[in-house]
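The values are calculated or read from the model by the stated rules, or taken from the named source; none is laboratory data. Everything quoted here is computed from the prediction, not taken from an experiment. Note: ideal-geometry Cβ built from the backbone for every residue, glycine included; neighbour counts use all protein chains shown. All accessible areas refer to the heavy atoms of the entire protein, side chains included, with ligands and DNA or RNA removed. Shrake-Rupley method; radii C 1.70, N 1.55, O 1.52, S 1.80 Å.
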Amino acid sequence: MLPHQQSHKKGLAGLIFTAALLVVLAGGWLFRQDISDWYRLRQYTAPPEVVALAEQDTMTDEARKIFYTTHPKITGEEEFNANCRQGGASEYSIVLGCYISSGGLYGDMYLYDIDDERLSGVVQVTAGHEMLHAAYDRLSTKERQRVDALLLQAYEDLPDGRIKETIAQYQANDPASVPSELHSILGTEVRDLPAELNEYYSQYFADRLVVVAFSEQYEGEFARREAQVADYDARLAGLKANIEANQAEIDSRNAEL
């Protein structure tokens, strides 16, 4: 083979190798989320209590995959506070958990272990809420813009109440978190949503209203406790006024004596 022919073959082989390398790199970039999911799940087996939460929330296969990639941990007070309070994550809603994102490909989830039967449902709603945070991280720019518009319209149509007060807290403390919080709160706590938004959430829940029912169940218990506290506060205020009046009467009598 002539020298110039050998040189030509080497040049062609180099071009083919470079093209193949570019294809591999492009494929890796396009499928980086799938690769990351595979890496996170390759040796992970969801504990029975985590599987139970996914089943109770009627999570779809796609939602379960997202949920499991966060390696959910149902923890006690010490571990929960160490990760969710000091880790910079904070919730102002009625959920007791946090999702700590790791750049959008995956994150870690912590759920507070509640064993009070009167608050049954709180862990299920928290699991759905935090899973939706992870799902929101995965949305493309175009899809996120579409979903944000739907969420904002649905939010504006809500009556004034607890949810609007909650979002106002997020707006005051961390405005950047509001779109993701709307995505999680509306999806797990609002029963009546526009058809297009319900269709969107169907990719995550086979029956979203099951999760909403859990929310309504323990929200009612919170409301009863808040009413009880308000009643006790009113009684204490009345007792304080009586004590002060009696003390004034005693002081007056002592002065006369």
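So that you can scan it fast, the table gives a plain yes or no per residue for (1) farther than 17 Å from VAL125 by Cα; (2) among the basic types (Lys, Arg); (3) within 16 Å of the chain's Cα centre (by Cα); (4) open to solvent by 80 Å² or more (accessible area, probe 1.4 Å):
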residue: ARG146; (1), (2), (3), (4): yes, yes, no, yes
residue: GLY161; (1), (2), (3), (4): yes, no, no, no
residue: ASN173; (1), (2), (3), (4): yes, no, no, yes
residue: SER177; (1), (2), (3), (4): yes, no, yes, no
residue: ASP207; (1), (2), (3), (4): no, no, no, no
**OP:** Out of LEU193, LEU182, LEU186, report the one residue that is open to solvent by less than 50 Å² (accessible area, probe 1.4 Å), modelled with pLDDT of 95 or more and in a loop (DSSP other than H, G, I, E, B).
**Re:** LEU193
**OP:** Tell me which residues, restricted to the range 83-112, are at pLDDT 90 or above and over 14 Å from the mean Cα position of the chain (by Cα).
**Re:** none
**OP:** Specify the residue that is modelled with the lowest pLDDT; the eligible residues are those in the range 117-176 that are acidic (Asp, Glu) and in a helix (DSSP H, G or I).
**Re:** GLU117
**OP:** Those residues that are surrounded by fewer than 17 Cβ atoms within 10 Å (Cβ to Cβ) and of a type in the set (A, V, I, L, M, F, W, C), I need them from the range 148-159; list them, please.
**Re:** ALA149, LEU152, LEU158
Original post:
Given (1) at pLDDT 80 or above; (2) exposed (fewer than 13 other Cβ atoms within 10 Å of the Cβ), where does ALA223 come up short, assuming only one miss?
Top reply: (1)
